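Visitor: My structure is below; once you've seen it, I'll send some questions.
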Amino acid sequence: MGQSTVSGATSSGASSGGAGGSSRSSRCIALIGPYLAGKTTLLEAILARTGGITRQGAVAAKTTVGDASPEARDHGMSVALNVADVNFLGDTFTFIDCPGSIEFQYEGANALTACDAAVVVCEPDSKRVAALQVILKSLEDRGIPHFLFLNKIDSFSTPVRDIIPTLQPASAKPLVLRQIPIWENGTVTGFVDLASERAYVYREHAESQIVELPGSLIDREKEARFHMLEQLADYDDALMEQLLSDMPPPNDVIFNDLAKELREGLICPVLLGSAENGNGILRLLKALRHEVPFVEETAKRLKLENTKSSAFVMKTLHTGHGGKLSLARVLTGALPDSATVTGADGKDERIAGVFALKGEEPVKRGAARAGDTVALGRLEHIKTGETITTEKSIIQIKAAAASEPVLSAGIGLKDRKDEVKLSAALAKLIEEDPSLALEHNRDTHQILLKGQGEMHLRVAFERLARKYGVQVERLKRQVPYKETIKKSTEIRGRHKKQSGGHGQFGDVVLTIAPLPRGSGFQFGDTITGGVVPKNYIPSVEIGVADYLKTGPLGFPVVDVAVTLTDGSYHTVDSSDMAFRQAGRLAMSEGMPKCAPVLLEPVMAVDIAVPSDATARINGIISQRRGQILGFDGREGWPGWDVVSAHIPESEMDDLIIEVRSVTSGTGSYTARFDHLAELTGRLADTVLTSHKLAAE
């Protein structure tokens, strides 16, 4: 199932109010960030710090609570959501660890919709700016409050005062540094909290210890704190007046501003830590506890605050014993077992169980209330990204749209008896992961599984075998070549057969001529005097069209005009079938005389990349026989370009791999069929030879 959930308890402590003084509902926090930033390790550290697990595991050792599926363990990366419930000082949190690879980011895109906030986990590395920008822009566009957690602080080689300006171009909101590190002999040993002006020394996998602010840091702390206050004062006139008057603002004013400006999406606070060593975890949890809005604010952001009872479906799961489960965040009201809900199609569905997920097993629980993230049983017609309500009026939250697939592979069954089983398995696979798509190509007769990249498809094939027991082969995608003609001819086709009783007789004369590219197939007649009766003319067209499905080169024929000009018939032996055969015979004899040529499909491609990679992308396009049409700035994306080109479809197979290789995994493209172009010479000979061998 690729889904991990743990419930954790922590030290007791009275709840002391929260963001906006809301009711103490459970909050939902997404952990997102670029690939290998350490999100799963951060989830593990949070579980260890809150008592959810007794010992922190490691991704390399394959001992983490998250990434428990065989696919995640085998590839050493998150390929699905990991979900964990924890309790911290009396407040309940659901953490959703989202895959970092761009190939699996749709997993988290829908989950983010109903989260109260996100923690963006990032390394202090300027090479990750483009990947960070992709994530931050998604949050900014959707109005989701978010923190930046600079992970792996123990590996910092650049002063934090230099790191923040380097990362700032990735964020449209000011990055507000909340802490500065304490260095000792080239190692980060703790931090200073700029809001409270307290210094802390890290203790491995334990709560940090308050210490006296080192004298060497006093000036730096004052400088960093004043800069933080200036950033907050940009949105608080009273604070600005205090700063201009050299009046130190009270700490409660600072903390209130931090919470308010986070909730309103005006700033992105930045915290430091090392998830692997458990450093900075408690400070992060306290910031989440005091500053993240509750579900009431999230429902208001999603315009659902006036609904009696509603929930958003983050993901669909198919389990071996529990059937279909819908992972959902309840946004308003309550959803008890057996409640009737309505989805996007307006049909009533009855909830067959409300579950908490523990590992890969659903555990029955009581009614889910606003703020809870639960699994709802057997909502057969409800899909990922739908809003469900107990009311008849449907208010559908705008769900995240899956990116267009960029890589395809053919599906071959190892055992033909599994054909029905394969259809059901593919339907479930795509329901669980809507960023996959299925295509039945009419020209090549292939079933194609389409996804977001090489690893995405590899994991999908592995799941088909492991989870659904369908053994399939991954086949190379076939290019849907076509053929056409360059010359005209006139040809007679006669079908005559006598075998006792009524015979078969059909006689036609056809003119075959080329048409301009994109015209398709045209059929007409100039019959006079009834030499071919009108009722047989449609049969001639059917015979011609039958032949055009596979021309003399072995591919479908396009851009051809065929005219029936003459013929003859027999009053007894002529029939629809005879004239159909006569039309086909005429085409099979005439088409090779019309100078047939191979046509290859050419795609219109728009490649979005960081500007510093544009020159390399131009080179890649040229190497793939592409024609560069131009490039322009990517609208709404500072520092990005969109390169437009025409590229033959046969050159598209691994384009996404090369694009991501030169863009640190951030580049993407969209492609659509544009036109057919003539293919000649050695390339055409290679295609024809391969096609002939495959047909033998």
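Visitor: Which of the residues spanning the stretch 365-386 are modelled with pLDDT under 95 and buried (at least 24 other Cβ atoms within 10 Å of the Cβ)?
Guide: Once the filter is applied, which keeps residues that are modelled with pLDDT under 95 and buried (at least 24 other Cβ atoms within 10 Å of the Cβ), the stretch 365-386 yields nothing.
Visitor: Taking interchain pairs and intrachain pairs at least six residues apart, which have beta carbon atoms under 6 angstrom, with the first residue in the stretch 26-39 and in contact (Cβ under 8 Å) with a residue 12 or more places away in the chain and the second surrounded by 24 or more Cβ atoms within 10 Å (Cβ to Cβ) and of a type in the set (D, E)?
Guide: Correct list of pairs: S26/D372; R27/D116; C28/D116; L31/D97; K39/D97.
Visitor: Of all residues in the stretch 422-460, which are open to solvent by 20 Å² or more (accessible area, probe 1.4 Å), part of a helix (DSSP H, G or I) and among the β-branched types (V, I, T)?
Guide: I430
Visitor: If I ask for residues that are assigned to a loop (DSSP other than H, G, I, E, B), open to solvent by less than 10 Å² (accessible area, probe 1.4 Å) and either over 18 Å from R27 (Cβ atoms) or at pLDDT 95 or above (or both), which ones from the stretch 65-99 would you list? Break it down stepwise before answering.
Guide: Filtering the stretch 65-99 down to residues assigned to a loop (DSSP other than H, G, I, E, B) leaves 65-69, 76-81, 89-90, 98-99.
Subsequent filtering for residues that are open to solvent by less than 10 Å² (accessible area, probe 1.4 Å) retains 66, 69, 79-81, 98-99.
Within the stretch 65-99, G66, S69, V79, A80, C98, P99 qualify.
Visitor: Let me ask something else about it. Do the conditions hold for I621, that is, is it closer than 30 Å to K486 by Cβ and not in a strand (DSSP E or B)? Explain how you work it out, then say what you get.
Guide: Numbers: closer than 30 Å to K486 by Cβ: yes; not in a strand (DSSP E or B): yes.
Judged against the criteria, I621 is a match.
Visitor: Regarding K315, is this residue outside any helix (DSSP H, G or I), of a type in the set (D, E, K, R) and either surrounded by 17 or more Cβ atoms within 10 Å (Cβ to Cβ) or within 27 Å of the chain's Cα centre (by Cα) (or both)? Give the steps one after another, and end with the answer.
Guide: Numbers: outside any helix (DSSP H, G or I): yes; of a type in the set (D, E, K, R): yes; either surrounded by 17 or more Cβ atoms within 10 Å (Cβ to Cβ) or within 27 Å of the chain's Cα centre (by Cα) (or both): yes.
Considered against the rule, which asks whether it is outside any helix (DSSP H, G or I), of a type in the set (D, E, K, R) and either surrounded by 17 or more Cβ atoms within 10 Å (Cβ to Cβ) or within 27 Å of the chain's Cα centre (by Cα) (or both), K315 comes out as yes.
Visitor: Please specify each residue of the stretch 461-472 satisfying the condition of being part of a loop (DSSP other than H, G, I, E, B) and among the aromatic types (F, W, Y). First the steps, then the outcome.
Guide: Pass one, the stretch 461-472, residues part of a loop (DSSP other than H, G, I, E, B): 467-471.
Hit for the stretch 461-472 is Y468, nothing else.
Visitor: Just to be sure, is K534 modelled with pLDDT of 95 or more and over 30 Å from E600 (Cβ atoms)?
Guide: Numbers: modelled with pLDDT of 95 or more: yes; over 30 Å from E600 (Cβ atoms): yes.
Spelling it out, K534 is indeed modelled with pLDDT of 95 or more and over 30 Å from E600 (Cβ atoms).
Visitor: Restricted to the stretch 577-634, and to residues that are farther than 30 Å from T550 by Cβ and out of contact with any strand residue (DSSP E or B) (no Cβ under 8 Å at 6 or more places or on another chain), which residue is most open to solvent (accessible area, probe 1.4 Å)?
Guide: Q623
Visitor: Taking the residues in the stretch 545-559 that are free of Cβ contacts under 8 Å to residues at least 60 places away in the same chain and of a type in the set (A, V, I, L, M, F, W, C) as candidates, determine which candidate is nearest to E678 (Cα to Cα). Give the derivation first.
Guide: Of all residues in the stretch 545-559, those free of Cβ contacts under 8 Å to residues at least 60 places away in the same chain come to 545-550.
Then drop every residue that is not of a type in the set (A, V, I, L, M, F, W, C), which leaves 545, 548.
Numbers: A545: 22, L548: 18 Å.
If we take residues in the stretch 545-559 being free of Cβ contacts under 8 Å to residues at least 60 places away in the same chain and of a type in the set (A, V, I, L, M, F, W, C), then L548 is nearest to E678 (Cα to Cα).
Visitor: Taking the stretch 163-212 as the region of interest, how many residues are of a type in the set (G, A, S), open to solvent by 20 Å² or more (accessible area, probe 1.4 Å) and part of a loop (DSSP other than H, G, I, E, B)?
Guide: Looking only at the stretch 163-212, we keep the residues that are of a type in the set (G, A, S), and these are 170-172, 186, 190, 195-196, 199, 206, 208.
With the extra rule that they be open to solvent by 20 Å² or more (accessible area, probe 1.4 Å), the set shrinks to 172, 186, 196, 206, 208.
Within this subset, residues satisfying the condition of being part of a loop (DSSP other than H, G, I, E, B) are 172, 186, 196.
Within the stretch 163-212, residues that are of a type in the set (G, A, S), open to solvent by 20 Å² or more (accessible area, probe 1.4 Å) and part of a loop (DSSP other than H, G, I, E, B) number 3.
Visitor: Please go through the stretch 403-414 and give me each residue that is under 15 Å from the mean Cα position of the chain (by Cα) and open to solvent by less than 70 Å² (accessible area, probe 1.4 Å), ordered by number. First the steps, then the outcome.
Guide: First, pick out the residues of the stretch 403-414 that are under 15 Å from the mean Cα position of the chain (by Cα): 403-408.
Hits for the stretch 403-414 are P405, V406, L407, S408.
Visitor: If G353 meets every condition in (1) surrounded by fewer than 16 Cβ atoms within 10 Å (Cβ to Cβ); (2) farther than 19 Å from G385 by Cα apart from one, which number is that one?
Guide: Every condition holds for G353 apart from (1).
Visitor: Then there's this: Looking at I153, is it in contact with a Ser or Thr (Cβ under 7 Å, 6 or more places away or on another chain) and open to solvent by less than 20 Å² (accessible area, probe 1.4 Å)?
Guide: Details: in contact with a Ser or Thr (Cβ under 7 Å, 6 or more places away or on another chain): yes; open to solvent by less than 20 Å² (accessible area, probe 1.4 Å): yes.
Answer is yes for this residue.
Visitor: For the list (1) surrounded by 15 or more Cβ atoms within 10 Å (Cβ to Cβ); (2) touching a Pro at 6+ places or on another chain (Cβ under 6 Å), I need the number of the one condition that V560 fails.
Guide: Exception for V560: condition (2).
Visitor: I'm checking my understanding of the structure. Among residues of the stretch 651-660 that are open to solvent by 40 Å² or more (accessible area, probe 1.4 Å) and modelled with pLDDT of 95 or more, which one is farthest from S101 (Cα to Cα)?
Guide: Filtering the stretch 651-660 for residues that are open to solvent by 40 Å² or more (accessible area, probe 1.4 Å) and modelled with pLDDT of 95 or more, the one farthest from S101 (Cα to Cα) comes out as E651.
Visitor: Of a type outside the set (S, T, N, Q), farther than 19 Å from F93 by Cβ, crowded, with 19+ Cβ neighbours inside 10 Å and in contact (Cβ under 8 Å) with a residue 60 or more places away in the chain: is that true of V295 in this structure? Break it down into steps so the answer makes sense when it comes.
Guide: On the way: of a type outside the set (S, T, N, Q): yes; farther than 19 Å from F93 by Cβ: no; crowded, with 19+ Cβ neighbours inside 10 Å: yes; in contact (Cβ under 8 Å) with a residue 60 or more places away in the chain: yes.
Answer is no for this residue.
Visitor: Can you find a residue that is modelled with pLDDT under 95, outside any loop (DSSP other than H, G, I, E, B) and either under 21 Å from K392 (Cβ atoms) or open to solvent by less than 20 Å² (accessible area, probe 1.4 Å) (or both) anywhere in the stretch 326-337?
Guide: No, the stretch 326-337 has no match at all.
Visitor: Would you confirm whether any residue within the stretch 228-243 is touching a helix residue (DSSP H, G or I) at 6+ places or on another chain (Cβ under 9 Å), of a type in the set (S, T, Y), modelled with pLDDT of 95 or more and open to solvent by less than 60 Å² (accessible area, probe 1.4 Å)?
Guide: The answer is no; no qualifying residue exists.
Visitor: Report yes if I144 is outside any helix (DSSP H, G or I), in contact with a helix residue (DSSP H, G or I) (Cβ under 8 Å, 6 or more places away or on another chain) and either among the basic types (K, R) or open to solvent by 10 Å² or more (accessible area, probe 1.4 Å) (or both), otherwise no. Even if it seems obvious, please write down each step before you answer.
Guide: On the way: outside any helix (DSSP H, G or I): yes; in contact with a helix residue (DSSP H, G or I) (Cβ under 8 Å, 6 or more places away or on another chain): yes; either among the basic types (K, R) or open to solvent by 10 Å² or more (accessible area, probe 1.4 Å) (or both): no.
Considered against the rule, which asks whether it is outside any helix (DSSP H, G or I), in contact with a helix residue (DSSP H, G or I) (Cβ under 8 Å, 6 or more places away or on another chain) and either among the basic types (K, R) or open to solvent by 10 Å² or more (accessible area, probe 1.4 Å) (or both), I144 comes out as no.
Visitor: For the stretch 665-696, enumerate the residues that are over 17 Å from L553 (Cβ atoms) and buried (at least 18 other Cβ atoms within 10 Å of the Cβ). Show your work before the answer.
Guide: Start the filter on the stretch 665-696 by keeping residues that are over 17 Å from L553 (Cβ atoms), which leaves 665-675.
Residues satisfying the conditions are G665, T666, G667, S668, Y669, A671.
Visitor: Another one. In the stretch 239-263, how many residues are under 24 Å from V292 (Cβ atoms) and in a helix (DSSP H, G or I)?
Guide: 14
Visitor: If you go through the stretch 639-674, how many residues are within 22 Å of the chain's Cα centre (by Cα) and part of a loop (DSSP other than H, G, I, E, B)?
Guide: Final tally of qualifying residues: 9.
Visitor: Conditions first: (1) open to solvent by 30 Å² or more (accessible area, probe 1.4 Å); (2) of a type outside the set (F, W, Y); (3) not in a helix (DSSP H, G or I). K417 passes all but one, so which condition is the exception?
Guide: For K417, the failing item is (3).
The values are calculated or read from the model by the stated rules, or taken from the named source; none is laboratory data. All values reported here derive from a predicted model rather than from experimental measurement. As a convention, Cβ positions derive from the backbone with ideal geometry for all residues, glycine included, and neighbour counts pool all protein chains shown. Remember, those area values only see protein heavy atoms, side chains included, never the ligands or the DNA or RNA. Shrake-Rupley method; radii C 1.70, N 1.55, O 1.52, S 1.80 Å.
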